[in-house]
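Take this structure, written in structure tokens, and hold onto it; I'll ask about it next.
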Amino acid sequence: MFKKSRKKIVASIMLILVLLWVGTLSVIYTSSYFEMRKQNKQILKTHAEMYTLNQPTNEFPSLKPRPNFNFNPNSKRFELSVFYSVAISYNGDILEVKNGMPTVYSNDTFEKLAKDIIKSNKNYGVKNNLTFYKTDKGGYTLVAFIDNTVINESAITLLRYTLIFGGVALIIFFFLSVYLARRIVNPLEESYKKQKQFISDAGHELKTPVSVVSANAELLSRELGNNKWLQNIQYENGRMGLLVGQLLDLARTENITPEMEYIDFSRLVASEALPFESVAFEKGLILNCNIPNGIVVKGNSSQLKQVVSILLDNAIQHSKKQGEVWLTLTKEHGFAKLSVINEGEEIPEEHRTKIFERFYRVDTARNSEDNHYGLGLAIAKAITTSHKGQIEVRCFNGFVEFIVQIPLL
């Protein structure tokens with residue numbers, strides 16, 4: 001139980017850290033990408049506004065007002081940017097290609113890209129690591145390019161180192177979260193161990209006086225005969241003996257590893273259900289059993305019998321009058337599935353996980369006159385857990401179902 005708690009704490013801490021890390025990186029790189037895209041567009045617009053064609057065209061240029069630059073042409077970013085330009089006439093003839101670094105991209109490459117961009121009717125975008133901007137210069141079309149290779153490689157390098165150092169940081173935080181989880185859970189585990197030890201010690205210490213009181217009460221009853229006060233003593237002592245027995249059962253289940261053997265679970269369930277048919281009949285109930293043969297598990301016979309007994313007793317105790325109880329054993333997904341269903345009041349959602357805790361009772365107004373002290377389901381859960389199984393409760397349409405799953409061989 002506490003190992004699961006530690007794992008959940010570590011998983012929660014790491015999930016939060018990973019989400020924060022991924023979220024932060026996503027925001028930073030996404031915002032940087034759009035900001036870089038915006039700046040590239042402004043730079044290209046400014047370059048396009050400043051561009052002048054060195055050779056005449058056959059078209060009459062339209063008169064334009066003085067350009068309003070989108071980006072400061074005197075800035076370092078603008079001065080260090082590498083621009084490429086292709087001027088194309090309205091007829092599709094190449095008027096001019098400005099290629100400052102012909103060793104990187106050939107003129108033919110820019111001519112082909114420019115013609116493809118004009119055909120695509122896109123004014124802005126990215127092609128082959130080149131951001132382009134298309135504009136009408138009044139007499140010809142200008143396609144301007146800016147090289148993003150250095151920026152992209154820098155971004156990839158930055159991302160690579162961010163992932164490396166982030167991964168190292170996550171590993172460090174993982175070990176730190178394991179340490180913190182231990183510090184958090186250890187006091188709870190120690191308290192739980194002391195509680196179990198107290199229950200075990202109290203059960204053993206109470207066993208002797210209960211036995212002595214029972215023996216003396218029996219001797220007195222032989223001398224005094226029927227006596228109201230003596231009968232009260234015997235009744236309450238019997239209840240105390242039952243409680244002590246359940247405490248000892250719980251202590252043994254939680255503290256002692258049971259001896260496991262191959263068990264015919266079908267025969268065990270059938271034999272344990274047989275006595276409850278008369279119990280159900282006395283309460284005006286019908287016990288329906290569906291137990292196929294040949295279901296074998298590895299477990300402790302006495303403990304598994306106790307689980308069946310607890311679930312049947314619980315179902316009969318809380319069934320409606322003149323109702324029915326269904327006991328079913330099946331194979332399902334590698335487990336032997338034991339299901340006990342009764343017609344009764346629906347267990348509220350907030351109580352369905354707590355009913356397996358020791359001394360927990362859904363109806364707090366009821367006392368223990370029915371000899372149920374809230375330990376039965378706790379014992380059933382402890383036994384199921386020791387057999388590496390699961391126990392749960394479901395409620396539907398006026399029915400309550402307890403399910404126990406034990407791994408098959």
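The values are calculated or read from the model by the stated rules, or taken from the named source; none is laboratory data. Small disclaimer: the values here were computed from a predicted structure and weren't measured. Cβ atoms come from the backbone with ideal geometry, glycine included; neighbour counts cover every protein chain shown.
Out of all the residues in the stretch 11-55, which are over 40 Å from the mean Cα position of the chain (by Cα) and of a type in the set (Asp, Glu)?
Once the filter is applied, which keeps residues that are over 40 Å from the mean Cα position of the chain (by Cα) and of a type in the set (Asp, Glu), the stretch 11-55 yields only Glu49.
Please name all residue pairs, on different chains or six or more residues apart, with Cβ atoms under 8 Å, provided the first residue is in the stretch 214-232 and is outside any helix (DSSP H, G or I) and the second residue is surrounded by 12 or more Cβ atoms within 10 Å (Cβ to Cβ).
So the pair list comes out as Asn227/Leu220; Asn227/Ser221.
A follow-up question, please. If you check Glu223 against the conditions, is it acidic (Asp, Glu) and under 48 Å from the mean Cα position of the chain (by Cα)?
In short, no.
What residue, of Leu243, Leu206, Leu248, is within 48 Å of the chain's Cα centre (by Cα), within 21 Å of Gly299 (Cα to Cα) and not assigned by TED's automatic domain parsing to the domain that holds Glu357?
Leu248 is the lone residue from the list that is within 48 Å of the chain's Cα centre (by Cα), within 21 Å of Gly299 (Cα to Cα) and not assigned by TED's automatic domain parsing to the domain that holds Glu357.
Condition first: without any contact (Cβ under 8 Å) to a residue 12 or more places away in the chain, touching a Phe, Trp or Tyr at 6+ places or on another chain (Cβ under 7 Å), more than 30 Å from Leu17 (Cα to Cα) and assigned by TED's automatic domain parsing to the domain that holds Leu20. Can you find one or more residues in the stretch 109-131 that meet it?
Scanning the stretch 109-131, I find at least one residue that is without any contact (Cβ under 8 Å) to a residue 12 or more places away in the chain, touching a Phe, Trp or Tyr at 6+ places or on another chain (Cβ under 7 Å), more than 30 Å from Leu17 (Cα to Cα) and assigned by TED's automatic domain parsing to the domain that holds Leu20, so the answer is yes.
Can you name every residue in the stretch 338-388 that is modelled with pLDDT under 80 and touching a Leu at 6+ places or on another chain (Cβ under 7 Å)?
Of everything in the stretch 338-388, those that are modelled with pLDDT under 80 and touching a Leu at 6+ places or on another chain (Cβ under 7 Å) turn out to be Arg358, Phe359, Asn371, Tyr373, Leu375.
Pairs needed: first member in the stretch 290-314, part of a helix (DSSP H, G or I); second member anywhere, of a type in the set (Ser, Thr, Tyr); C-beta distance under 7 Å; at least 6 residues apart or different chains.
Sorted first by the residue in the stretch 290-314, then by its partner, the pairs are Gln303/Thr253; Val307/Thr384.
Here is a list of conditions, (1) more than 53 Å from the chain's Cα centre (by Cα); (2) at pLDDT below 85, and Val104 meets all of them except one; can you say which number that is?
(1)
Another question, then. How many residues, within the stretch 1-29, are surrounded by fewer than 14 Cβ atoms within 10 Å (Cβ to Cβ) and in a helix (DSSP H, G or I)?
Summing the residues that are surrounded by fewer than 14 Cβ atoms within 10 Å (Cβ to Cβ) and in a helix (DSSP H, G or I) in the stretch 1-29 gives 17.
Let me ask you something else. Could you list, in sequence order, all residues of the stretch 134-170 that are under 23 Å from Ile16 (Cβ atoms) and of a type outside the set (S, T, N, Q)?
Leu159, Leu163, Ile164, Phe165, Gly166, Gly167, Val168, Ala169, Leu170
Can you tell me which residue among Glu59, Glu79 is part of a loop (DSSP other than H, G, I, E, B), charged (D, E, K, R) and modelled with pLDDT under 80?
Glu59
Quick one: which of Asn121, Asn128, Asn152, Asn99 is more than 52 Å from the chain's Cα centre (by Cα) and at pLDDT below 85?
Only one candidate qualifies: Asn99.
Here is a yes/no grid of residues against (1) more than 30 Å from Ile233 (Cβ to Cβ); (2) in contact with a strand residue (DSSP E or B) (Cβ under 7 Å, 6 or more places away or on another chain); (3) without any contact (Cβ under 8 Å) to a residue 24 or more places away in the chain; (4) not aliphatic (A, V, I, L, M):
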residue	(1), (2), (3), (4)
Val168	yes, no, yes, no
Leu180	yes, no, no, no
Arg183	yes, no, yes, yes
Pro187	yes, no, yes, yes
Glu190	yes, no, yes, yes
Lys193	yes, no, yes, yes
Lys196	yes, no, no, yes
Lys207	no, no, no, yes
Val210	no, no, no, no
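Return the residue satisfying two criteria in turn: it lies in the stretch 262-288 and is polar (S, T, N, Q) and part of a helix (DSSP H, G or I), and of such residues it is farthest from Leu304 (Cα to Cα).
Ser278
Take the residues of the stretch 109-165 that are among the hydroxyl-bearing types (Ser, Thr, Tyr) and part of a strand (DSSP E or B): which is surrounded by the most Cβ atoms within 10 Å (Cβ to Cβ)?
Per the stated criteria, the residue is Tyr133.
So which residues in the stretch 8-41 are of a type in the set (D, E, K, R) and either over 30 Å from Val178 (Cβ atoms) or at pLDDT below 85 (or both), if there are any at all?
Glu35, Arg37, Lys38, Lys41
Inspect all residues belonging to the stretch 92-104 and state whether any of them is touching a strand residue (DSSP E or B) at 6+ places or on another chain (Cβ under 6 Å) and among the acidic types (Asp, Glu).
yes
Does Arg267 satisfy the criteria of being basic (Lys, Arg) and closer than 30 Å to Cys289 by Cα?
yes
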